[in-house]
Amino acid sequence: MKIAMIGTGYVGLVTGACLAKIGHEIICVDQDQTKINALCGGAIPIFEPGLKEIVDQGVQNGHLSFSTDLTQAVESVDVIFLAVGTPQASDGRSDLTQVENAAKQIAKAANGDKMIVVKSTVPVGTCRRVGRILGKHDIEHAFHVTSNPEFLREGDAVSDFMQPDRIVFGTNSTDAEAIMCEIYAHFEATKVPVIKTSLETSELIKYSANAFLAAKVAFINEMANLCDATGANVDDLAVGIGLDSRIGAAFLKPGPGYGGSCFPKDTLALTILAQEADSPSRIIESVVDSNSNHIRRLGRKIADFCADCWQTDKKHPMIDKRIAVLGLAFKANTDDIRSAASTVIAPLLIKQGASVIGFDPEAAAAAGAAIDHIETTTKIDEALSGADAVVVLTEWDAIKMINWAEKKTLLNAPVVIDLRNLYSPESMAKLGFQYLSLGRPTAE
Ligand SMILES: NC(=O)c1ccc[n+]([C@@H]2O[C@H](COP(=O)([O-])OP(=O)(O)OC[C@H]3O[C@@H](n4cnc5c(N)ncnc54)[C@H](O)[C@@H]3O)[C@@H](O)[C@H]2O)c1
């Protein structure tokens, strides 16, 4: 099937390339000329493992192309995917400007009846709203609007798309349902469950899934704090509860709080949606609070721990100290720094008077541009040299595998605050480090 993908960001590019891989003919459109120029020149504008191979393959076999010309793309297809951004608006709602503008552009360009598949994460009611916008701006043609939320995780996006846990789509006509079944026919053979539902249910499934996962993260972080307060060990606790099949082990790893381009904005948007529907979700409201309190609390914890280690004034311990922050992306295997822990922790340390050097193999440039007064590098040794303390924020393999016995000599003081629980407290203590992790007793 010939499909246009409007929005060639993290989701649009992966979805477009994967749909091309399963045999469709995809034209990926973006208004960002630099991005399209890069793609046309064979470069991938984001870091995502395995993506370059399938993009190259799609381009070579003629199934995948790139353009900034939305009108021409819309004219040449019957099915149009919307994968534009839905960032957080200043009032916490989902900002639907990109979705609405794209809908107006599609209506203007339409040369026949079209089906619009909304892949962007949008609040309940948006697909119907897109239908109204299309109808208002083009009364000549008929538009089917379907909801098809995306569940891929950055860093594992290609495998998540190609081997999904499930495919969800919401439609309001049998014709639209038949087209969706044809688009995803490839997955029938692999017996991927397909949930065919209403527009509203499909839209809400995406928010509920993200909110539930965010709740798991917030829960284990609160348990880690409780372990710290009681002397229990959160790693053992996570195994002890995760082996219960009703709970499951995934997402039970303490860390610096959930971040990224989805959980923070989607949980907040869901609380507002629920309030406006006169059905407030106290659970999700608490998850949002818990996560923001957690990261603020970590800021204080880092400063207090460092003051103890350096035996300095507890009020202003960071003044003139050099702190190495390891990991700037919101998680490993991506260059995405949207709502990453680094964007909160590094400014906090800088505000307290520290000079901060951040290491990340893929996100150093983006973080350097986004965080005021941070120095960034793609070389671990450069970050560690002369550091008075090291703060670990992202679970990159390069950070997990650090040989601390070797790197200790680079540091000004052997102080490591590990907010991903990557190392053993016993090994770090044996090497002579003052080591803080989350919810695990300190080893002597
Ligand atoms: N990133 C993820 O991990 C992820 C996972 C699941 C769902 N989602 C959802 O998918 C959607 C897209 O997210 P993303 O991370 O890919 O965003 P992104 O910001 O990386 O990409 C959006 C792209 O759309 C382009 N765009 C906007 N309006 C356009 C228009 N009118 N014409 C052409 N191009 C246009 C932008 O230039 C940008 O390149 C969001 O709703 C997000 O919540 C994201």
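Would you kindly state how much longer the chain becomes between S424 and S159 on full extension, computed as 0.36 nm times their sequence separation minus their alpha carbon distance, in nm to one decimal?
92.4 nm
With a 1.4 Å probe and every protein chain left in place, work out the accessible area per residue of segment 198-444 in Å², rounded to a whole number.
Heavy-atom accessible area per residue stands at 45 Å².
Could you state the number of Å between the C-alpha centres of segment 18-60 and segment 347-387?
31 Å
Tell me which aspartates and glutamates have Cα within less than 18 Å of K314's Cα, excluding those fewer than 8 residues away on the same chain?
Filter leaves D304, D388.
Residues with amide H under 5 Å of I116's amide H, sequence separation 5 or more or different chain, H placed in the peptide plane at 1.01 Å from N; which?
It is I80, H144, V145, T146, by chain and number.
Which pairs break 18 Å Cα to Cα here: K35/K108; K216/K331; K301/K430; K301/K400?
From K35/K108; K216/K331; K301/K430; K301/K400, over 18 Å: K35/K108; K301/K430; K301/K400.
Could you tell me which helices of the chain pass both thresholds, a Cα extent of 24 Å or more along their own axis and a mean Kyte-Doolittle hydropathy of at least -1.0, with helices taken as whole DSSP H runs?
Answer set is 199-230, 282-310.
Using the Cα centre as the reference, give the magnitude of the dipole from point charges on the C-beta atoms of segment 2-197 (Lys, Arg: +1; Asp, Glu: -1; all else neutral), rounded to the nearest 20 debye.
380 debye
Answer with one residue from I402, F143, P280: the one whose Cα lies farthest towards the positive end of the charge dipole of the chain, charges on Cβ with Lys, Arg +1 and Asp, Glu -1.
It is P280, whose Cα lies furthest towards the positive end.
Which distance in nm do the two modelled labels at L226 and A189 give, with both placed 7 Å along the Cα-to-Cβ direction?
4.8 nm
When the chain is modelled as a GNM with alpha-carbon springs shorter than 10 Å, which of S245, S76, S424 fluctuates the most?
Evaluated over the chain, the most mobile residue of the options is S245.
What is the mean projected area of the alpha carbon convex hull for the chain, to one decimal in square nanometres?
Averaging across all directions leaves 22.4 nm² for the Cα convex hull.
Could you give me the radius of gyration and the Dmax of segment 189-314, taking only the C-alpha atoms into account and expressing both in angstrom?
18.1, 65
Can you put V124, V118 in order of accessible area, largest first, using a 1.4 Å probe?
Solvent-accessible surface, decreasing: V124, V118.
Using square roots of five times the C-alpha gyration tensor eigenvalues, list the equivalent-ellipsoid semi-axes of segment 198-444 in whole Å, biggest first.
They are 32, 21, 17 Å, listed largest first.
Take segment 2-197, drop everything but the C-alpha atoms, weight them equally and run the Debye formula without solvent; then report log10 I(q)/I(0) at 0.11, 0.15, 0.19 Å⁻¹ to two decimals.
-0.46, -0.89, -1.48
Need one number for segment 333-425: average projected area of the convex hull over its C-alpha atoms, nm².
With every direction weighted equally, the projected area is 5.7 nm².
Quick check for me: using +1 on Lys/Arg Cβ and -1 on Asp/Glu Cβ, what's the dipole size of the chain about its Cα centre, in debye to the nearest 20?
640 debye
First measure r as the distance between the Cβ atoms of E140 and A38, then evaluate 1/(1 + (r/R0)^6) with R0 = 41 Å and state the FRET efficiency to the nearest 0.05.
Efficiency, from the Cβ-Cβ distance: 0.65.
Taking H as built 1.01 Å from N, whose amide H comes closer than 5 Å to the amide H of T197, not counting residues under 5 places away?
Those qualifying (amide H under 5 Å, at least 5 residues apart or on another chain) are F169, G170, T171.
Calculate how large, on average over all directions, the projected area of the Cα convex hull of segment 1-58 is; give the answer in nm² to one decimal.
Hull-based average projected area comes out at 3.5 nm².
Can you find, among C28, T86, C18, the residue sitting farthest towards the positive end of the charge dipole of the chain, where Lys and Arg contribute +1 and Asp and Glu -1 at Cβ?
Toward the positive end, the furthest listed residue is T86.
The values are calculated or read from the model by the stated rules, or taken from the named source; none is laboratory data. Since the structure is predicted, the reported quantities are computational estimates derived from the model, not experimental observations. Note that each Cβ is placed from the backbone with ideal geometry, even for glycine, and that neighbours are counted across all protein chains shown. Areas reflect the complete protein model, heavy atoms only, side chains present, ligands, DNA and RNA absent. Shrake-Rupley method; radii C 1.70, N 1.55, O 1.52, S 1.80 Å.
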